[in-house]
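Shown next, in structure tokens, is the structure this report addresses.
The values are calculated or read from the model by the stated rules, or taken from the named source; none is laboratory data. These figures come from a predicted structure and were not determined experimentally. So basically every Cβ, Gly included, is an ideal-geometry build from the backbone, and we count neighbours across all protein chains shown. Just so you know, the surface numbers come from the protein's heavy atoms only, side chains and all, with ligands and any DNA or RNA stripped out. Shrake-Rupley method; radii C 1.70, N 1.55, O 1.52, S 1.80 Å.
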Amino acid sequence: MNNKRIAAVNTDICVACGACQTECPMGAISVYKGCYAVVDGAKCVGCGKCSRICPAGCIEIRERGI
């Protein structure tokens with residue numbers, strides 16, 4: 001599914017808690033080497049569940065290509 005929106009992670013403030021990874025219904029988020037979350041743009045549908053659950057507030061939903 002190629003949606004117009006995508007999750008974007010601010011890796012500078014991500015605490016790698018994994019809440020977003022657990023919450024993502026598409027399996028589009030993983031925690032890279034225990035350091036920060038990364039989003040697989042091919043899987044992300046921009047639903048915003050990760051952004052709402054993130055305790056660090058480091059995930060925003062934005063338009064693709066920005």
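Non-local amide H neighbours of M26 (under 5 Å, H modeled in plane, Pro and chain starts lacking H): which ones?
Distant-sequence amide H within range of M26: zero hits.
Among A28, A42, A16, which one shows the biggest mean-square fluctuation in a GNM of the chain, springs joining Cα atoms closer than 10 Å?
A42
First check a/c for the chain, with a ≥ b ≥ c the square roots of the eigenvalues of its C-alpha gyration tensor; if it is under 1.5, answer rounded, and if not, answer prolate when a/b is larger than b/c or oblate otherwise.
Here the chain falls in the prolate category.
Placing unit charges on C-beta atoms (Lys and Arg positive, Asp and Glu negative, everything else neutral), compute the dipole magnitude of the chain about its Cα centre in debye, rounded to 20.
Dipole of the chain, to the nearest 20 debye: 180 debye.
Step through the residues of segment 20-37 one at a time and calculate ³J(HN,Hα) from phi using the Karplus curve (6.51 cos²θ - 1.76 cosθ + 1.60, θ = phi - 60°), rounding each to whole Hz and writing x for Gly and Pro.
5, 4, 5, 6, 5, x, 9, x, 8, 10, 9, 9, 7, 6, x, 9, 6, 7
Once ligands and nucleic acids are excluded and a 1.4 Å probe is used, how much of K4 is accessible, expressed in Å² to the nearest 10?
About 150 Å², rounded to the nearest 10.
Cα to Cα, under 24 Å, and not fewer than 8 places away if on the same chain: which lysines meet these conditions relative to K4?
Cα-Cα hits under 24 Å: K43, K49.
At 1.4 Å probe size, with the rest of the protein present, what percent of the exposed accessible area of the chain is carbon and sulfur atoms?
Roughly 50 percent of what the probe reaches on the chain is carbon or sulfur.
State, to one decimal in nm, how far the label point of R5 lies from the label point of T22, with both points 7 Å from Cα in the Cβ direction.
Here the modelled spin labels are 2.3 nm apart.
Net charge near G27, counting Lys/Arg +1 and Asp/Glu -1 over other residues with Cβ under 15 Å of its Cβ?
Summing Lys/Arg as +1 and Asp/Glu as -1 gives 0.
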